[in-house]
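Undergrad: Below you will find the structure I want to go over with you.
Readers should treat all values here as calculations from the given coordinates under stated rules, not as data from a laboratory. Since this is a predicted model, take the numbers as computed values, not measurements. As a convention, Cβ positions derive from the backbone with ideal geometry for all residues, glycine included, and neighbour counts pool all protein chains shown.
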Amino acid sequence: MVNLGSGSQREVDDILLTRYACYLIAQKGDPRKQEIAFAQTCFAIQTRRAEVIEQRLLEGERVSARRKLSETEKELSGVIFEHTGSTENFALIRSKGDFATEVTIFGAPELVTNNGER
């Protein structure tokens with residue numbers, strides 16, 4: 001039963017709505033009505049929760065990628081040490097590797113001079 005403006009009541013059938021339909025009704029409704037204000041608050045809270053969860057997932061992926069990079073750098077450093085007997089050449093080898101990767105990926109051999117500089 002719903003109350004009508006005239007003070008009488010009328011029976012209304014229940015309607016099943018999707019979450020999106022409820023969201024649209026809440027956003028377009030009059031926030032002075034208690035039900036609409038409550039629905040708007042619920043959707044705002046749920047939206048914030050979803051944002052926080054997404055942010056944590058992205059941070060987790062970033063930390064995982066950073067950890068993998070760190071492990072790879074340690075492995076590369078170990079290989080360089082095995083082959084050269086020191087870590088002095090690590091930065092040089094690393095920069096040459098980065099340069100070779102850029103040339104391979106971007107296909108820019110015209111940027112390379114005779115001494116290997118750009």
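Undergrad: Starting from the Cα of LYS74, draw a straight line to each of the lysines and keep only those under 28 Å, dropping any in the same chain fewer than 8 residues away.
TA: Answer for LYS74, where 28 Å is the Cα cut-off: LYS96, listed by chain and number.
Undergrad: Given a Förster distance of 41 angstrom, what is the FRET efficiency for THR72 paired with ARG48, based on the Cβ-Cβ distance and rounded to 0.05?
TA: Working: r = 36 Å, r/R0 = 0.88.
In this case the efficiency is close to 0.70.
Undergrad: Can you give the local net charge around ALA26? Use residues other than it whose beta-carbon is closer than 14 angstrom to its beta-carbon, Lys and Arg +1, Asp and Glu -1. Provide the component values of the computation, followed by the final result.
TA: Details: positive: ARG19, LYS28, ARG32, LYS33; negative: ASP30, GLU35.
So the environment of ALA26 carries a net charge of +2.
Undergrad: Relative to 2.2 N^0.38 Å, what does the C-alpha radius of gyration of segment 2-70 come to as a ratio? Two decimals please. Don't skip to the answer; put the middle values down first.
TA: Numbers: Rg = 20.6 Å, N = 69, 2.2 N^0.38 = 11.0 Å.
Here the answer is 1.88, to two decimals.
Undergrad: Of the listed peptides 4-17, 21-34, what is their order by residue-averaged count of other C-beta atoms within 10 Å, with the highest listed first? Numbers along the way, then the final one.
TA: Numbers: 4-17: 7.1, 21-34: 11.8.
Packing proxy ranking, top to bottom: 21-34, 4-17.
Undergrad: A further question on this structure: Around GLY5, under 15 Å between beta carbons, what's the net of Lys plus Arg minus Asp minus Glu among the other residues? Kindly include the intermediate steps, with their values, before the conclusion.
TA: On the way: positive: ARG10, LYS33; negative: ASP30.
With Lys, Arg at +1 and Asp, Glu at -1, the net is +1.
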